[in-house]
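Worksheet for the structure shown next.
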Amino acid sequence: MEIEILGVPMDLGSSRRGTDMGPSAIRYARLTEALRQIGHTVRDTGNLEVPVAESLDMDHPRLKHIEAIEPTWRRLAERVARTAAAGRAPLVLGGDHSLAVGTVAGLLDAGWDDLGLLWFDAHADFNDSETTPSGNVHGMPVSCIVGQAAPELLAYTRWMRRYLPADRIVMIGLRDVDPGERQRLRASGIAVYTMQQIDEMGIAEVTRRALEHLRTRGARRLYVSFDMDVVDPDVAPGVGTPVVGGLTYRESHLAMEIVAESGLLAGMEVVEVNPIRDVLNRTAELAVALIASAFGKRIL
Ligand SMILES: [Mn+2]
């Protein structure tokens with residue numbers, strides 16, 4: 001596979017600073033080497049230019065830094081669309097999770113009408129300007145991606161040519177959902193597997209069902225949006241918003257191995273790596289190992 005890496009050093013969408021250093025930490029953990037070792041052609045296209053938080057005025061209490069985030073989404077969408085249209089697999093390194101609006105918009109712009117989105121996360125990221133408890137946009141990207149949001153937030157997605165149908169998203173690993181978000185999520189049409197279902201069924205069954213769900217709704221190309229906080233903080237301490245009770249080391253790998261076996265993977269992003277909170281770059285190293293598993297690294 002031809003893989004194109006793009007870093008998005010953005011932490012404007014979260015209040016805890018540090019995820020802007022995520023792309024650097026992941027590269028330092030030898031990402032390109034890991035992918036080349038399993039036979040892929042890899043090109044690192046560097047980082048997208050993202051404004052530094054200190055250089056900005058706090059513009060909007062319910063949509064913090066939205067005036068800087070929106071143009072970043074547009075530029076990211078252009079870059080991702082170019083990569084995808086050229087037949088290469090985009091591999092986006094975050095950065096906070098708000099960046100997903102730009103990546104998914106770019107894939108849709110490239111004509112990926114058969115896109116299915118697998119969203120690994122401790123959170124639903126389905127708030128909007130009305131339900132948000134914090135005003136942090138990294139808690140809202142899925143609302144923008146499916147075009148279900150309060151008008152105030154939706155106004156910042158007018159540049160998007162289309163939204164992704166809600167039944168082409170499956171969320172896995174949820175364990176921390178805000179009250180207003182919960183109601184909207186239930187009514188959204190998005191399929192969800194919480195940690196409770198993973199405990200009951202096992203991650204293998206959950207991942208297979210998620211893939212089957214996307215396949216039966218017409219997905220032929222899979223994009224994985226992997227928030228490192230889906231993994232338990234004991235294993236992945238260096239994340240923006242840690243929540244106890246997450247995936248184990250092996251569960252997270254097994255999910256990626258099953259993604260690889262599906263043969264559908266066409267791109268991926270790994271977000272919310274926060275080196276400030278990390279221990280000796282362990283979380284970035286895990287990110288690299290999980291990316292390698294998703295792109296086909298096998299034990300035997
Ligand atoms: Mn997230």
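The values are calculated or read from the model by the stated rules, or taken from the named source; none is laboratory data. All figures in this text were calculated on a predicted structure; none of them were measured in a lab. Glycine also receives a Cβ, built like all others from the backbone with ideal geometry; neighbour counts cover every protein chain displayed.
Could you go through segment 226-247 and let me know if any residue there is over 28 Å from SER134 (Cα atoms) and in contact with a strand residue (DSSP E or B) (Cβ under 6 Å, 6 or more places away or on another chain). The answer is no, given that none of the residues of segment 226-247 is over 28 Å from SER134 (Cα atoms) and in contact with a strand residue (DSSP E or B) (Cβ under 6 Å, 6 or more places away or on another chain).
Can you pull out the residues in segment 185-223 that are closer than 19 Å to GLY147 by Cα and either surrounded by fewer than 21 Cβ atoms within 10 Å (Cβ to Cβ) or more than 20 Å from the chain's Cα centre (by Cα) (or both)? If the condition is that a residue be closer than 19 Å to GLY147 by Cα and either surrounded by fewer than 21 Cβ atoms within 10 Å (Cβ to Cβ) or more than 20 Å from the chain's Cα centre (by Cα) (or both), then ARG186, ALA187, SER188, GLY189, ALA191, VAL192, ARG217 are the ones that fit. Filtered by the rule that a residue be free of Cβ contacts under 8 Å to residues at least 60 places away in the same chain and surrounded by 23 or more Cβ atoms within 10 Å (Cβ to Cβ), segment 253-282 gives a lone residue, MET256.
One line per residue, one yes/no per condition, for (1) at pLDDT below 95; (2) closer than 27 Å to THR241 by Cα; (3) charged (D, E, K, R); (4) touching a helix residue (DSSP H, G or I) at 6+ places or on another chain (Cβ under 9 Å):
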| position | (1), (2), (3), (4) |
| --- | --- |
| PRO23 | no, yes, no, no |
| ALA29 | no, yes, no, yes |
| ILE66 | no, yes, no, yes |
| GLU70 | no, yes, yes, yes |
| ALA84 | no, no, no, yes |
| TRP112 | no, no, no, yes |
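Among the residues of segment 123-181, those that are among the acidic types (Asp, Glu), outside any loop (DSSP other than H, G, I, E, B) and within 13 Å of the ligand (Cβ to nearest atom) comprise ASP176, GLU181.
Between GLY238, GLY189, which is of a type outside the set (A, V, I, L, M, F, W, C) and in contact with a Lys or Arg (Cβ under 6 Å, 6 or more places away or on another chain)? Result of the check over GLY238, GLY189: GLY238.
Test GLU152 against the criterion of being free of Cβ contacts under 8 Å to residues at least 60 places away in the same chain and out of contact with any Gly (no Cβ under 8 Å at 6 or more places or on another chain), and give yes or no. It is false that GLU152 is free of Cβ contacts under 8 Å to residues at least 60 places away in the same chain and out of contact with any Gly (no Cβ under 8 Å at 6 or more places or on another chain).
Among helices (runs of 4 or more DSSP H) entirely within segment 1-112, having at least 1 residues that are under 14 Å from the mean Cα position of the chain (by Cα) and in contact (Cβ under 8 Å) with a residue 24 or more places away in the chain singles out 22-28, 66-85, 100-109. When GLY46, GLY13 are checked against the criterion of being on the phi > 0 side of the Ramachandran plot and out of contact with any Leu (no Cβ under 6 Å at 6 or more places or on another chain), GLY46 stands alone in meeting it.
Can you name the residue in segment 113-122 that is part of a loop (DSSP other than H, G, I, E, B) and within 16 Å of the ligand (Cβ to nearest atom) and is also farthest from the chain's Cα centre (by Cα) among such residues? Within segment 113-122, the match that is farthest from the chain's Cα centre (by Cα) is ALA122.
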